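Chemist: I am attaching a structure below and will ask some questions about it afterwards.
The values are calculated or read from the model by the stated rules, or taken from the named source; none is laboratory data. Note that the structure is a prediction, hence the values are computed from the model and not measured. Cβ coordinates were reconstructed from backbone atoms using ideal geometry, including for glycine residues, and neighbour counts include every protein chain displayed.
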Amino acid sequence: MNDPIIVGAFYVLAFLVVASALAVTLARNVVHAALLLVVTFFSVAGIYVLLSADFVAVVQVLIYVGAVMILLLFAIMLTQRTSMAQTNPSNAQYAWGAAVAVVLLALMLAGFTGNRWPALPGPLPSSTVQYIGEAFFSRYAVAFEIAAVLLLAALVGAIVLAADDKERKP
Amino acid sequence: MSIGLEHFLALSAALFCVGLFGALSKRNAIVILMCIELMMNGANIALVAFARFVTPALITGQIFAVFVLAIAAAEAAVGLAIIIAIYRNHRTISVDDINLMKW
């Protein structure tokens, strides 16, 4: 990945990802945090495109931006009290949280450097969509079906938990 | 200057740690869920980077990342349903005030 366009694109997208993620945690207003999270998800989709993962990038946009964010915005709307101005405060463990995150980041960066993972031979598949589709129905079929059952369970559970139970009482 | 596996792993670590900082230090339960989604995105970047650089012939990391995406979406839905139910009963979503099980 030597092409200067790709290098430049990586640094721009990486800056967008980390900056908008930091802004999500530091924004004062939770609606601003939600909209900045949309920016983060789009930037992560851009990183996936740089990694030649076209299917994962499109699924990221569809599911995270298209479904999870809508859900989050609805939840924010349903749980608002008065004004949205100071709805994202920090708790008393702010400093400890920052310290733990910095220490973990230092540990992970120390563990990642150096050429630890030799590449296996073989070319990238020309169409990841086809490859992933075939893999889902051959090698990973059980996991695929279990994921479907999990999504059904989550759907039923979310409806039962969030439903207003005034109508069910006799 | 070239971009290798380490750059993507460093980005993944940074995104994960920002999400961890937010999950540990925010009071609004919805923001904590948002930071958990950030952590899962960080892990997904690492998975897809490994698929691209270490096992490009069988892109196992991308398949794993799609599963992580599905599970993260399901978990966000159930978590938000729980938060809405808590709000209905206690009129607050500040995790400092939801302390009935604290001894």
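Chemist: B:ARG52: facing chain A (nearest Cβ under 8 Å), under 24 Å from the mean Cα position of the chain (by Cα) and of a type outside the set (Asp, Glu), yes or no?
Modeler: yes
Chemist: Can you tell me which residue among A:ALA158, A:ALA154 is within 8 Å of chain B (Cβ to nearest Cβ), of a type in the set (Gly, Ala, Ser), under 25 Å from A:ALA57 (Cβ atoms) and assigned to a helix (DSSP H, G or I)? Break it down stepwise before answering.
Modeler: Numbers: A:ALA158 fails: under 25 Å from A:ALA57 (Cβ atoms).
The unique qualifying residue is A:ALA154.
Chemist: Given the conditions (1) facing another protein chain (nearest Cβ under 7 Å); (2) over 28 Å from A:ILE5 (Cα atoms); (3) in a helix (DSSP H, G or I), which single one is not true for B:ASP96?
Modeler: Exception for B:ASP96: condition (3).
Chemist: I need the full set of residues from the stretch B:69-93 which are more than 7 Å from chain A (Cβ to nearest Cβ), assigned to a helix (DSSP H, G or I) and either touching a residue at least 60 places away in the same chain (Cβ under 8 Å) or more than 14 Å from the chain's Cα centre (by Cα) (or both), in order please.
Modeler: Across the stretch B:69-93, the qualifying residues are B:ILE86, B:ARG88, B:ASN89, B:HIS90.
Chemist: Give the residue that is surrounded by the most Cβ atoms within 10 Å (Cβ to Cβ), with candidates limited to residues of the stretch A:62-86 that are under 21 Å from B:ALA77 (Cα atoms) and hydroxyl-bearing (Ser, Thr, Tyr).
Modeler: A:TYR64
Chemist: Now, a different point. Within the stretch A:30-50, identify whether any single residue is at pLDDT below 95 and polar (S, T, N, Q), and answer yes or no.
Modeler: no
Yes or no, residue by residue, for (1) touching a residue at least 12 places away in the same chain (Cβ under 8 Å); (2) under 20 Å from A:ALA143 (Cβ atoms):
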| residue | (1), (2) |
| --- | --- |
| B:PHE53 | yes, no |
| B:PHE67 | no, yes |
| B:ILE98 | yes, no |
| B:MET101 | no, no |
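Chemist: Let me ask something else. Inside the stretch B:57-66, can you point out the residues that are facing chain A (nearest Cβ under 7 Å) and buried (at least 18 other Cβ atoms within 10 Å of the Cβ)?
Modeler: Taking the stretch B:57-66 and keeping what is facing chain A (nearest Cβ under 7 Å), we get B:57, B:59, B:62-63, B:65-66.
Across the stretch B:57-66, the qualifying residues are B:ILE59, B:GLN62, B:ILE63, B:ALA65, B:VAL66.
Chemist: Just the residues that are in a helix (DSSP H, G or I) and either touching a strand residue (DSSP E or B) at 6+ places or on another chain (Cβ under 6 Å) or surrounded by 22 or more Cβ atoms within 10 Å (Cβ to Cβ) (or both), please, taken from the stretch B:14-32. Break it down into steps so the answer makes sense when it comes.
Modeler: Of the stretch B:14-32, the ones in a helix (DSSP H, G or I) are B:14-25, B:29-32.
Answer for the stretch B:14-32, where residues must be in a helix (DSSP H, G or I) and either touching a strand residue (DSSP E or B) at 6+ places or on another chain (Cβ under 6 Å) or surrounded by 22 or more Cβ atoms within 10 Å (Cβ to Cβ) (or both): B:LEU15, B:PHE16, B:CYS17, B:VAL18, B:GLY19, B:LEU20, B:PHE21, B:GLY22, B:SER25, B:ILE30, B:VAL31, B:ILE32.
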